[in-house]
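Scroll down for the structure; my scribbles are underneath it.
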Amino acid sequence: MRLCAAICAFILVLGGCGKDPEPTDEAGTKQEPLYVYSAYDDVEYLPALFREYTEATGIVVVVRHRDDKQNLDDMMAKSGSQPADLLLTSSIASIWKAAEEGLLRPLPVDSDAMKIPGAFRDPDGLWTAASLDPMVVLRQAESDAEVGYPSLGQAVAPLCVSSSALPANRTLLAWMIAATDTRTTEYSVRRWMAALQLPPREDYNGVVDALDNDACGEALLPLSAVSDERRSDVLAPPEVFFDIEGIGIGRHARSPDAAAALIDWFVSRSVQQKHAQATGRLPVTDPDEALPDGSRLSTRGIAASGFHYPDAVLLAERARYR
């Protein structure tokens, strides 16, 4: 028994006792795993999804779970245990910052990711949306009043919102600035604050709890935070703002071509439908089908929200939107 253990230990040192063989391509060349830096709290979902890719291609995908800030900081400092082949962020703000800091390399011009509508991609081709998360409205009472972001809380009060510290909320303000101007947006946000009965909730779950306890007449939420039971009550303005999950190839990717192929797989119609169903978001393929009649996702381009993000942060402070 001891002899067997000693032999196994010796084999482990040489390369692995009972270890799966390294993936290889058709020519027998060893393929490195792809490393994905992800901001997912659920540490089981993405590895399970990517196992389907491994089964189809033989390429192993390793997911590293950190928040967006940690992922970007490590990419800037080159301090991750393995360089990021792909970066998957939870918001426009984070993928925009990654591009601004030079942490991404361009997507191949002939890739499927570059065929996604331009409103869902970086104008310089550094990243694309991996899913869409529209900002929608829920009302507790019937009202014929038009649904719109600037008029929140005016038709059906009181209003419930989540903290402006959440990236999607700040990005909404940035989008509103891009659509009108800073002054007009600040006036709207000050009216939101006047229509509140409760202070801004710390997160989206707090807004949902307030709705369940009838503490809100109207609430602003991303679609991903709305339960299946409430989906039929979702309202949206004619032009709908949306946040995204952003995906791009890391600047120091060891396998950029393989990373580009994985992105193309991720934005394929079949995977997008599966991902949208699992996360409560919308696919980048045929997203408008899930919106209320008369509503369509904004075509202004999500990059404009990233550009005005610093202005939105200052506006929230001035308007006392905490």
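The values are calculated or read from the model by the stated rules, or taken from the named source; none is laboratory data. Small disclaimer: the values here were computed from a predicted structure and weren't measured. Backbone-built Cβ (ideal geometry, glycine too); neighbour counts: all protein chains shown.
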For region 59-68, state whether one or more residues are assigned by TED's automatic domain parsing to the domain that holds ARG281 and over 21 Å from the mean Cα position of the chain (by Cα). yes
Can you confirm whether region 259-273 contains a residue that is more than 16 Å from the chain's Cα centre (by Cα) and on the phi > 0 side of the Ramachandran plot? no
Report yes if LEU152 is surrounded by fewer than 19 Cβ atoms within 10 Å (Cβ to Cβ) and over 23 Å from the mean Cα position of the chain (by Cα), otherwise no. no
Number of the exception - ALA93 against (1) modelled with pLDDT of 95 or more; (2) touching a helix residue (DSSP H, G or I) at 6+ places or on another chain (Cβ under 6 Å): (1)
List the number of the failed condition for ILE116; all other conditions in (1) closer than 17 Å to GLY301 by Cβ; (2) at pLDDT 95 or above hold. (2)
Counting only helices (runs of 4 or more DSSP H) wholly inside region 155-240, the ones holding at least 2 residues that are closer than 15 Å to MET135 by Cα and modelled with pLDDT of 95 or more are 167-179, 204-212
Pick out, from region 250-309, the helices (runs of 4 or more DSSP H) lying fully within it that include 1 or more residues that are of a type in the set (D, E, K, R). 256-266, 269-279
Would you say CYS160 is more than 25 Å from the chain's Cα centre (by Cα), assigned by TED's automatic domain parsing to the domain that holds ARG300, buried (at least 21 other Cβ atoms within 10 Å of the Cβ) and of a type in the set (A, V, I, L, M, F, W, C)? no
Residues being part of a helix (DSSP H, G or I) and under 19 Å from GLN82 (Cβ atoms) - total across region 37-56: 6
Can you name the residue in region 83-101 that is in contact (Cβ under 8 Å) with a residue 60 or more places away in the chain and assigned to a loop (DSSP other than H, G, I, E, B) and, of all such residues, is surrounded by the fewest Cβ atoms within 10 Å (Cβ to Cβ)? PRO83
Can you pull out every residue in region 168-224 that is touching a residue at least 40 places away in the same chain (Cβ under 8 Å), surrounded by fewer than 16 Cβ atoms within 10 Å (Cβ to Cβ) and within 27 Å of the chain's Cα centre (by Cα)? PRO199, GLU202, ASP203
